[in-house]
Amino acid sequence: MFGIFKRRRTDELAQVEAEITAFGEDLARLPLTPDEHGADPGLMADYTRTLDAYEQAKAQFLGDRDRADAADVLHTLEQGRRTLDRVKAVLSGRPLCFFDPRHGPSVDRVAWAPPGGVHRDVDVCAADAVRLSEGLPPIATGRRPDPGAGTGQRPRGRPKASRTAGAGKPPAPFKVAPPQLGKRHHVKGRGDGEAQLHRPKWDIPSVLIVRLHGHGQVEQVKQGKAARLGKESFPFRVVLPLRLETEWPIRLRITCTGTWSAWLQAGDSVPVLNETIASRGPFLCRYIGGAARLHMRHREGGAYSVTELAPDFQPGPPVLSGKGISAADGEVAGSVFLHVEAKGEWLIRAG
């Protein structure tokens, strides 16, 4: 019996080792050279992270006794494959699947619309292209395309709203921390305190959210020096996009007259701007589609602005800005992340 279990563990470890080897061979086949591609910092950063994942997986595998022990290895390989897919997509000139980058490079561009939204052309993998053409939702997104998506037909109308449409409605973005976050990514407290937060995904930029339910201030501590992120005489929040190159972990010093909550969530979890989006205070969202004009209405005092962010959260050009109770217009050339900085209530419409 002992021999049977020993052989089973040996077979499991052999399978994990084979996955590491296959990942390394996939890396070695990349047609990438620093001389030719070194001018693309995003590509080279992803390539470096992929190499790091390979080396980390090999180091984590040492001393493992069975597949359960190798859970950290398998997780590292999964994250590494995601980054490798991005590298392959850039080298092939094909963007990753719009619905999930893990699906790999796109093979087609089809018409799709979110529920109640407008149709747009999106890049999709082969499997999602087939599903959309059959009127099915894309893989593992839970978002069902409008009737006729992929066929060029427009929906005739929207279904009537249910009387219980508000029941079970999820909280507004950045109001509460996602339930799957652990203690390394989410800290709560009362009064004055400190928080140390680790990034939830090593290959995806993060968003820092701090909510104060009383007046006070939030500071980020780097190398012994404190930089103020926010200070108000009323409850407020901080929504701050963080690049992968950020100094980790994030260290916060919080002063508050009430309770507070601070967390990090992955950048791919931010809400999508379809036709309109509204909130209060700072915000981060993602616009998906072609060139569009954005119209923002600000309903309270104070300055406001919207800035473009690249996929790695590198700040781009300003889109619009204004002050007080007013409106402002701007334009975006295509899909982009949008960082809203404001204190009052606002609404953004894309059209």
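For residue 257 and residue 71, the difference between the fully extended length at 0.36 nm per residue and the C-alpha to C-alpha distance is 62.7 nm. Between residue 21 and residue 275, the contour length at 0.36 nm per residue exceeds the alpha carbon distance by 86.8 nm.
Please give the per residue volume of the convex hull enclosing the alpha carbon atoms of region 45-117, rounded to a whole number of Å³.
Per residue, the Cα convex hull of region 45-117 comes to 115 Å³.
Note down the relative contact order for region 259-328 as a percent, whole number, built from C-alpha pairs under 8 angstrom at least six residues apart. Relative contact order comes out at 25 percent. What pairs in 188/323; 88/175; 175/343; 58/222; 88/201 have C-alpha atoms more than 26 Å from each other? Cα-Cα > 26 Å for 188/323; 88/175; 58/222; rest within.
Label-to-label distance for residue 14 and residue 331 is 6.3 nm, based on points extended 7 Å past Cα in the beta-carbon direction.
Here, each number is a calculation from the coordinates, and none is a lab measurement. Please read these numbers as outputs of a predicted model, since none were measured by experiment. Virtual Cβ from ideal backbone geometry, glycine too; neighbours counted across all protein chains shown.
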